[in-house]
1. Name the single residue, out of those in segment 193-217 being among the charged types (D, E, K, R) and over 10 Å from Cys180 (Cβ atoms), that is modelled with the highest pLDDT.
2. Go through segment 143-193 and report how many residues are hydroxyl-bearing (Ser, Thr, Tyr), under 15 Å from the mean Cα position of the chain (by Cα) and under 22 Å from Leu87 (Cα atoms).
3. State which residue pairs qualify: first residue in contact (Cβ under 8 Å) with a residue 24 or more places away in the chain and at positive phi and inside segment 92-117, second residue surrounded by fewer than 17 Cβ atoms within 10 Å (Cβ to Cβ) and outside any loop (DSSP other than H, G, I, E, B) in any location, beta carbons under 6 Å apart, and separation of 6 or more residues or different chains.
4. Take the conditions part of a loop (DSSP other than H, G, I, E, B) and either in contact (Cβ under 8 Å) with a residue 60 or more places away in the chain or at positive phi (or both) and apply them to Gly164. Does it pass?
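The values are calculated or read from the model by the stated rules, or taken from the named source; none is laboratory data. What you see is a predicted model, and the numbers here were worked out from it, not measured in a lab. Backbone-built Cβ (ideal geometry, glycine too); neighbour counts: all protein chains shown.
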Amino acid sequence: MPLRVSYDGGSKTLQALDFEFRAVPGWKLVFVCLTSIRYPKFDIRNLHYMIPHQQGLLSFGTIRQLWQALGVPLYPVQLNADDYPGLDAQTLAFLDEVGYPEAAEPGLDFTDLSEKLFTHTQLYHRDDFPVLDQYLVIGANAEGNPVCIDTTDGTIVFIDHDHGFESVFINTSLMQLSYCMAVYGIARKDLAELKPADLAALSSTLEQADKACLAVGNFWEMEIGNMDRELNFS
(Lines give C-alpha, C1' and ligand atoms only; values in the text may rest on other atoms or scores of the structure.)
Protein backbone atom coordinates (compact mmCIF):
# COMPACT_ATOMS: atom_id res chain seq x y z
CA MET A 1 0.00 0.00 0.00
CA PRO A 2 1.49 3.40 -0.94
CA LEU A 3 2.59 5.60 1.94
CA ARG A 4 1.91 9.33 1.62
CA VAL A 5 4.23 11.57 3.58
CA SER A 6 4.60 15.30 4.06
CA TYR A 7 7.84 17.19 3.75
CA ASP A 8 8.92 20.77 3.26
CA GLY A 9 7.08 22.11 0.27
CA GLY A 10 4.45 19.46 -0.24
CA SER A 11 3.94 15.73 -0.12
CA LYS A 12 5.05 12.68 -2.01
CA THR A 13 3.71 9.16 -2.36
CA LEU A 14 6.17 6.33 -1.76
CA GLN A 15 5.31 2.98 -3.25
CA ALA A 16 5.34 -0.40 -1.49
CA LEU A 17 7.92 0.15 1.21
CA ASP A 18 8.58 -2.72 3.60
CA PHE A 19 8.10 -0.66 6.74
CA GLU A 20 5.69 1.75 8.32
CA PHE A 21 6.34 4.86 10.37
CA ARG A 22 5.23 5.93 13.82
CA ALA A 23 5.30 9.62 14.64
CA VAL A 24 7.04 10.47 17.91
CA PRO A 25 6.93 14.09 19.13
CA GLY A 26 10.31 15.75 19.05
CA TRP A 27 11.98 13.63 16.38
CA LYS A 28 13.42 15.42 13.37
CA LEU A 29 15.04 12.61 11.45
CA VAL A 30 16.01 12.96 7.80
CA PHE A 31 15.98 10.03 5.37
CA VAL A 32 17.56 10.88 2.03
CA CYS A 33 16.88 9.11 -1.25
CA LEU A 34 16.19 5.52 -0.31
CA THR A 35 17.32 3.33 -3.16
CA SER A 36 13.87 1.76 -3.45
CA ILE A 37 12.21 5.14 -4.15
CA ARG A 38 11.94 6.03 -7.81
CA TYR A 39 11.89 9.79 -7.44
CA PRO A 40 14.48 12.54 -7.75
CA LYS A 41 16.58 13.06 -4.65
CA PHE A 42 14.87 15.02 -1.89
CA ASP A 43 14.86 15.17 1.90
CA ILE A 44 12.02 13.37 3.63
CA ARG A 45 11.38 15.32 6.79
CA ASN A 46 9.34 14.77 9.90
CA LEU A 47 9.42 11.00 9.59
CA HIS A 48 10.17 9.20 12.79
CA TYR A 49 10.56 5.71 14.12
CA MET A 50 10.05 2.82 11.76
CA ILE A 51 8.31 -0.03 13.50
CA PRO A 52 8.08 -3.60 12.23
CA HIS A 53 4.85 -4.90 10.77
CA GLN A 54 2.73 -7.52 12.49
CA GLN A 55 3.19 -6.68 16.15
CA GLY A 56 6.95 -6.50 16.26
CA LEU A 57 7.89 -9.18 13.72
CA LEU A 58 10.92 -8.08 11.74
CA SER A 59 11.47 -8.56 8.04
CA PHE A 60 14.67 -8.63 6.01
CA GLY A 61 13.36 -5.71 3.94
CA THR A 62 12.64 -3.54 6.98
CA ILE A 63 16.17 -3.95 8.29
CA ARG A 64 17.81 -3.49 4.90
CA GLN A 65 15.98 -0.20 4.34
CA LEU A 66 16.83 1.08 7.82
CA TRP A 67 20.53 0.69 7.03
CA GLN A 68 20.00 2.31 3.63
CA ALA A 69 18.36 5.26 5.36
CA LEU A 70 21.32 5.47 7.73
CA GLY A 71 23.75 5.37 4.80
CA VAL A 72 25.71 2.37 6.08
CA PRO A 73 26.62 -0.40 3.62
CA LEU A 74 25.90 -4.05 4.42
CA TYR A 75 28.14 -6.89 3.32
CA PRO A 76 26.74 -10.37 2.62
CA VAL A 77 28.32 -13.26 4.51
CA GLN A 78 27.90 -16.74 3.08
CA LEU A 79 28.39 -19.49 5.64
CA ASN A 80 28.28 -23.20 4.92
CA ALA A 81 25.47 -24.60 7.06
CA ASP A 82 27.31 -27.91 7.45
CA ASP A 83 30.25 -26.12 9.07
CA TYR A 84 28.06 -24.33 11.61
CA PRO A 85 25.32 -26.71 12.81
CA GLY A 86 24.65 -24.42 15.76
CA LEU A 87 23.39 -21.60 13.51
CA ASP A 88 19.72 -21.63 12.56
CA ALA A 89 18.42 -21.24 9.00
CA GLN A 90 17.15 -17.69 9.58
CA THR A 91 20.56 -16.45 10.73
CA LEU A 92 22.29 -18.02 7.73
CA ALA A 93 19.72 -16.60 5.32
CA PHE A 94 19.88 -13.14 6.90
CA LEU A 95 23.66 -12.95 6.59
CA ASP A 96 23.51 -14.12 2.98
CA GLU A 97 20.56 -12.02 1.77
CA VAL A 98 20.87 -8.85 3.87
CA GLY A 99 24.42 -8.82 5.17
CA TYR A 100 26.01 -7.00 8.08
CA PRO A 101 27.87 -3.72 8.58
CA GLU A 102 31.60 -3.69 9.26
CA ALA A 103 30.97 -1.47 12.27
CA ALA A 104 28.01 0.19 13.97
CA GLU A 105 26.97 2.28 16.93
CA PRO A 106 27.42 1.88 19.84
CA GLY A 107 31.08 1.06 19.24
CA LEU A 108 30.58 -2.40 17.76
CA ASP A 109 33.00 -3.90 15.26
CA PHE A 110 32.18 -6.88 13.04
CA THR A 111 35.40 -7.46 11.14
CA ASP A 112 35.46 -11.03 12.51
CA LEU A 113 32.15 -11.78 10.78
CA SER A 114 33.39 -13.49 7.64
CA GLU A 115 32.94 -16.73 5.74
CA LYS A 116 35.12 -18.48 8.33
CA LEU A 117 34.13 -18.05 11.96
CA PHE A 118 36.13 -19.15 14.98
CA THR A 119 35.06 -20.08 18.46
CA HIS A 120 36.15 -18.04 21.46
CA THR A 121 38.50 -20.88 22.44
CA GLN A 122 40.13 -20.95 19.00
CA LEU A 123 40.79 -17.20 18.97
CA TYR A 124 41.70 -16.79 22.63
CA HIS A 125 43.49 -20.04 23.43
CA ARG A 126 45.28 -19.43 26.71
CA ASP A 127 45.83 -21.64 29.72
CA ASP A 128 44.20 -19.06 32.00
CA PHE A 129 41.08 -18.74 29.80
CA PRO A 130 38.12 -21.10 30.19
CA VAL A 131 36.97 -23.33 27.34
CA LEU A 132 34.19 -21.43 25.60
CA ASP A 133 33.58 -23.49 22.48
CA GLN A 134 29.87 -22.66 22.29
CA TYR A 135 30.60 -19.04 21.32
CA LEU A 136 31.32 -18.08 17.69
CA VAL A 137 33.16 -14.76 17.60
CA ILE A 138 31.70 -12.21 15.15
CA GLY A 139 33.25 -8.98 16.43
CA ALA A 140 34.04 -6.88 19.46
CA ASN A 141 32.53 -4.12 21.57
CA ALA A 142 34.11 -0.76 22.35
CA GLU A 143 36.10 -2.28 25.22
CA GLY A 144 37.53 -5.01 23.01
CA ASN A 145 35.44 -7.81 24.49
CA PRO A 146 34.42 -10.38 21.84
CA VAL A 147 30.85 -10.25 20.55
CA CYS A 148 29.64 -13.78 19.90
CA ILE A 149 26.79 -15.97 18.77
CA ASP A 150 25.91 -18.49 21.47
CA THR A 151 25.37 -21.61 19.37
CA THR A 152 23.25 -23.26 22.08
CA ASP A 153 20.35 -20.85 21.51
CA GLY A 154 21.35 -18.30 18.82
CA THR A 155 21.53 -15.36 21.22
CA ILE A 156 24.12 -12.60 20.79
CA VAL A 157 26.36 -11.87 23.77
CA PHE A 158 29.69 -10.36 24.61
CA ILE A 159 32.22 -12.14 26.80
CA ASP A 160 33.53 -9.81 29.49
CA HIS A 161 37.21 -10.67 29.83
CA ASP A 162 37.59 -8.27 32.77
CA HIS A 163 34.84 -9.85 34.87
CA GLY A 164 35.39 -13.57 34.93
CA PHE A 165 34.41 -14.19 31.29
CA GLU A 166 30.82 -13.38 32.11
CA SER A 167 28.41 -13.71 29.20
CA VAL A 168 26.44 -10.44 28.81
CA PHE A 169 23.24 -10.62 26.77
CA ILE A 170 22.90 -8.26 23.77
CA ASN A 171 20.05 -9.57 21.60
CA THR A 172 17.98 -12.68 21.05
CA SER A 173 19.22 -13.08 17.46
CA LEU A 174 21.65 -11.60 14.95
CA MET A 175 18.70 -10.18 13.03
CA GLN A 176 17.34 -8.37 16.09
CA LEU A 177 20.80 -6.98 16.84
CA SER A 178 20.96 -5.55 13.31
CA TYR A 179 17.60 -3.84 13.75
CA CYS A 180 18.49 -2.41 17.16
CA MET A 181 21.84 -1.08 15.94
CA ALA A 182 20.23 0.63 12.96
CA VAL A 183 17.51 2.31 15.05
CA TYR A 184 20.06 3.35 17.68
CA GLY A 185 22.33 4.73 14.96
CA ILE A 186 19.50 6.81 13.52
CA ALA A 187 18.80 8.23 16.98
CA ARG A 188 22.42 9.25 17.48
CA LYS A 189 22.46 11.21 14.22
CA ASP A 190 20.24 13.82 15.91
CA LEU A 191 21.63 13.35 19.40
CA ALA A 192 21.82 17.04 20.29
CA GLU A 193 18.11 17.50 19.56
CA LEU A 194 16.84 14.54 21.56
CA LYS A 195 14.44 15.10 24.42
CA PRO A 196 13.48 12.75 27.28
CA ALA A 197 10.37 11.62 25.38
CA ASP A 198 12.59 10.66 22.44
CA LEU A 199 14.84 8.53 24.60
CA ALA A 200 11.76 6.82 25.98
CA ALA A 201 10.57 6.22 22.41
CA LEU A 202 13.94 4.73 21.49
CA SER A 203 13.76 2.36 24.47
CA SER A 204 10.23 1.36 23.54
CA THR A 205 11.26 0.67 19.94
CA LEU A 206 14.17 -1.54 20.99
CA GLU A 207 11.98 -3.42 23.43
CA GLN A 208 9.31 -3.88 20.76
CA ALA A 209 11.84 -5.60 18.55
CA ASP A 210 13.44 -7.67 21.31
CA LYS A 211 11.73 -7.70 24.68
CA ALA A 212 14.72 -9.22 26.49
CA CYS A 213 17.27 -6.65 25.35
CA LEU A 214 16.43 -4.00 27.97
CA ALA A 215 16.48 -6.25 31.03
CA VAL A 216 18.66 -4.85 33.82
CA GLY A 217 22.35 -5.54 33.20
CA ASN A 218 21.96 -6.33 29.51
CA PHE A 219 23.91 -4.49 26.82
CA TRP A 220 21.15 -2.24 25.48
CA GLU A 221 19.91 -1.32 28.96
CA MET A 222 23.43 -0.10 29.74
CA GLU A 223 23.73 1.78 26.45
CA ILE A 224 20.41 3.59 26.94
CA GLY A 225 21.65 4.53 30.41
CA ASN A 226 24.86 5.86 28.89
CA MET A 227 22.89 7.95 26.39
CA ASP A 228 20.68 9.26 29.19
CA ARG A 229 23.76 10.42 31.14
CA GLU A 230 25.36 11.83 27.99
CA LEU A 231 22.28 13.99 27.45
CA ASN A 232 22.02 14.93 31.15
CA PHE A 233 18.39 13.82 31.31
CA SER A 234 18.78 12.36 34.81
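1. So, considering only residues that are among the charged types (D, E, K, R) and over 10 Å from Cys180 (Cβ atoms), the one modelled with the highest pLDDT is Lys211.
2. Number satisfying all stated conditions: 5.
3. Cβ pairs passing all conditions: Gly99/Tyr75.
4. yes
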